[in-house]
Amino acid sequence: MLHYTPFRFWRISRSERAQAVAEFALVLPLLLLLFLLFAQAVMVMRAQIAVTAAAREAARKGVETGNPALIEGAALRAAAGLDPERIRVVVSSGPRRRGEWVRVEVEYDVPIAIPAAAKYFPALTVSGRAEMRIENDREAK
């Protein structure tokens with residue numbers, strides 16, 4: 001008479017375990033690549049949000065003052081989580097009169113998260129722009 005145990009069918013033989021390990025070893029690089037691509041997408045989205053906020057803050061400071069150093073400083077403070085060496089701030093405006101526009105563009109080079117791809121692909125560049133109209137032509141102190 002054959003004795004039946006319910007756990008007998010759940011046992012994995014040695015060859016099946018070896019096959020599972022081999023399949024996992026084949027799939028692991030693909031999973032790692034997918035994870036790194038997801039991380040890269042998150043880095044790009046975060047940088048895009050940060051440079052848009054930095055451009056808006058710099059334009060706000062540009063409305064208050066015409067000093068380019070103060071405007072760039074406002075942009076760098078607003079983009080605090082980003083590497084300041086990779087940020088470029090371009091300020092353009094006409095004469096400091098009421099009704100003129102202050103335009104600020106902030107660009108940031110997002111580094112590549114996949115080490116092997118960093119040799120072949122340049123850094124991704126995200127940019128943010130903001131315009132504000134000068135309402136008061138007096139300089140803020």
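Bear in mind these aren't lab numbers, they're just calculated from the coordinates by the rules spelled out. Treat the numbers as computed from the prediction; the structure is a model and nothing was measured. With ideal geometry, Cβ positions are generated from the backbone for all residues, glycine too; neighbour counts draw on all protein chains shown.
Computed from these coordinates, which is percent of Cα pairs over 20 Å apart: [x] 62; [y] 47; [z] 41? Checking each listed value against the structure points to [x].
Between the Cα long axis of helix 68-78 and the first principal axis of the chain there is an angle of about 30°, rounded to the nearest 10.
Our summary gives the chain a relative contact order of 26 percent, counting only alpha carbon pairs under 8 angstrom and 6 or more residues apart. Over the chain, dividing the summed -39,500 (n - 2.57) contributions of all DSSP H runs of at least 4 residues by the number of residues returns a 222 nm mean residue ellipticity of -16500 deg cm²/dmol. Choose one of Val63, Leu124, Met45: the residue whose Cα lies farthest towards the positive end of the charge dipole of the chain (beta-carbon charges +1 Lys, Arg; -1 Asp, Glu; about the Cα centre). Farthest along the dipole direction, towards plus: Met45.
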